[in-house]
Amino acid sequence: MTFATLGLIEPLLRSLEKLGYQTPTPVQAQAIPAVLAGRDLMAAAQTGTGKTAGFALPLLQLLAMEGPKVTANSVRALILVPTRELAEQVHESVRQYAENLPLRTYAVYGGVSINPQMMKLRGGVDLLVATPGRLLDLFRQNALKFNQLQTLVLDEADRMLDLGFSEELANIYRALPKKRQTLLFSATFSDDIRLLAGQMLNDPLSIEVSPRNVAANTVKQWVVTVDKKRKPELFVHLMRKNKWKQVLVFAKTRNGVDALVEKLQGLGVNADGIHGDKPQATRQRALDRFKLSEVQILVATDVAARGLDIEDLPLVVNFDLPIVAEDYIHRIGRTGRAGATGEAISLVCADEVNMLSAIEMLTRQTLKRQNEPDFEPEHRVPETDASGQVIKKPKKPKKPKTSGGGGGKRNLGKWVDSGETQAPEPSIKPVRKVPVFNTGPRKRKP
């Protein structure tokens, strides 16, 4: 199968040839004909499956061949994404695909000035990539109209719900025309996602290109158990022992990112970090340097790293396990892409056993464990299995009691009779109530 047999037009085929695309991935092979036919789509596709091309290519073809010219402040196709980084990545892909087409594309997101975005939208945009919050800001300021909207794409819908965009999505849904094509892409199909699909999609075609909620089998995964306080020390040890050259590290919090970066830089390691508190320009600069191998270790939070597209990334390290199990799949999806192999190592302490159990249940596998010499944890991580069970640590056998004379009683010397004769019942005497004196404030002595 080729992209030509899927029905794509010549300008798109030329762009794909320039980009080196040869054979459609499974999600592309199923999605492209369905989108061209005008069907609503509900696709379960993990990061790295080629899903962006799966919806962007047919969408660009429909925009180029159908519908009236876009008018002022209007948009004909809208792609909603959860983060600024993903908005930039998706728009860059769209721009490359549309190189030979007379279409206007643009991306809007928060964290930067809204005024240049409002100016850009004055002439109208054929395809707009947007984050929910900034899209609503523009709509409420009358900088954007949806009267010409033909297609809505929800990319990484599960992540949008995880980040609390439910209300924003509901407000956007109410503002859109009822007659439209809707495409929903999600790494996982939770009950919330299915509810969202039921509200926004009309008789959708369902596509599931990989086993539900299963991590890519091209990624070798294992766990190294360690005490929480020794995680930074263990990470440095593993980095030096294995001579890691390029590593994407996930930390749970912004403070955790900053602390690890500071420690690594203090040891002379070329490290940088990205999280939500850092300006967009700073984050983009760190990412660009990492892609160019100018930065050896990039430490990130889940929100900041969602949508990162890094070619041939060999290793992902979970310095902290994610609170949401699905984020584990997104994290390790940064490596082992397009058939390449990758590795994902998780540093796990006893406090994280429930998170580990949730991940193993989601991925339906028990992750291989290993201890690093000199880093064996004092607080042992209980065993887990793929059913989501935490196997209790076996109780240590009790030490036998030191027995004294007869009847197995302890030898307490002369205080206790070791014979069988019962001691007499102690007599109970009433206690006289003690009168209370001088309840007032005490006088100071002269």
(Q) With a cut-off of 8 Å between alpha carbons and a minimum separation of six or more residues, what is the relative contact order of region 10-208 in percent? (A) 30 percent
**Q.** For Ser15, Ser293, Ser113, Ser186, order by how many other beta-carbon atoms lie within 10 Å, fewest first
**A.** Ser113, Ser293, Ser15, Ser186
Q: Indicate the gyration tensor shape class of region 167-251 (rounded, prolate or oblate), computed on the Cα atoms with a ≥ b ≥ c the square roots of the eigenvalues: a/c under 1.5 is rounded; otherwise a/b larger than b/c is prolate and the rest oblate.
A: prolate
Q) Expressed in nm to one decimal, what extension gain is obtained for the pair Asp374 and Asp312 from 0.36 nm per residue of sequence separation less their Cα-Cα distance? A) 19.1 nm
**Q.** Cβ-Cβ FRET estimate between Val390 and Glu10, R0 fixed at 45 Å, reported to 0.05
**A.** 0.20
**Q.** region 134-282: relative contact order as a whole-number percent, Cα under 8 Å and 6+ apart
**A.** 17 percent
Q. What is the calculated FRET efficiency for Asn242 to Glu383, with r their C-beta to C-beta distance and R₀ = 30 Å, to the nearest 0.05?
A. 0.70
Q | In Hz, Karplus ³J(HN,Hα) per residue of region 343-350 (6.51, -1.76, 1.60; θ = phi - 60°; x = Gly, Pro) | A | 10, 9, 10, 10, 8, 10, 10, 4
**Q.** Relative contact order computed over region 1-106 (Cα-Cα under 8 Å; 6+ residues apart), in percent
**A.** 32 percent
(Q) Rounded, prolate or oblate, given the Cα gyration tensor of region 219-391, with a/c below 1.5 counting as rounded? (A) prolate
Q: Pop a pseudo-label 7 angstrom from the Cα along the beta-carbon direction at both Thr253 and Leu195 and give the gap in nm to one decimal.
A: 3.0 nm
**Q.** For region 56-65, 3J(HN,Hα) per residue [Karplus equation, 6.51 cos²θ - 1.76 cosθ + 1.60, θ = phi - 60°, Hz, x = Gly/Pro]
**A.** 6, 4, x, 5, 5, 5, 4, 5, 6, 10
Q. Pulled fully out, how much extra length does the chain show between Leu267 and Ser113, if you take 0.36 nm times their separation in residues and subtract their Cα-Cα distance?
A. 51.7 nm
Q) In whole angstrom, and with the biggest value first, how far do the Cα coordinates of region 271-325 range along each principal axis? A) 30, 27, 19
Q. Can you give the convex hull volume per residue for the Cα atoms of region 115-204, as a whole number of Å³?
A. 100 Å³
Q | Cα shape, region 1-131, gyration tensor, a/c 1.5 rule | A | prolate
Q) In region 6-109, what trypsin sites (Lys or Arg not before Pro) fall in a loop by DSSP, with at most 14 other Cβ atoms inside 10 Å? A) Lys69
Q) Once you list every other residue whose beta carbon is under 14 Å from the beta carbon of Pro314, what net charge do they have if Lys and Arg are +1 and Asp and Glu are -1? A) +3
Q: Return the subset of Lys51/Lys252; Lys252/Lys368; Lys145/Lys178; Lys229/Lys368 for which the Cα-Cα distance in this structure is over 20 Å, preserving the input order.
A: Lys51/Lys252; Lys252/Lys368; Lys229/Lys368
(Q) I need the calculated FRET efficiency for the pair Lys18 and Gln280, taking r as the beta carbon distance and R₀ as 45 Å, to the nearest 0.05. (A) 0.95
Q. In the neighborhood of Lys228, defined by Cβ-to-Cβ distances under 10 Å, what is the net charge if each Lys or Arg adds +1 and each Asp or Glu adds -1?
A. -1
Q. How about region 14-85: which GluC sites (Glu not before Pro) there are in a DSSP loop, with at most 10 other Cβ atoms within 10 Å of their Cβ?
A. Glu66
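Read the figures in this text as sums done on the coordinates, not as results from a lab. Predicted, not measured: the structure shown is a model, and the values here were computed from it. Please note: Cβ atoms are built from the backbone with ideal geometry, for glycine as well, and neighbour counts cover all protein chains shown.
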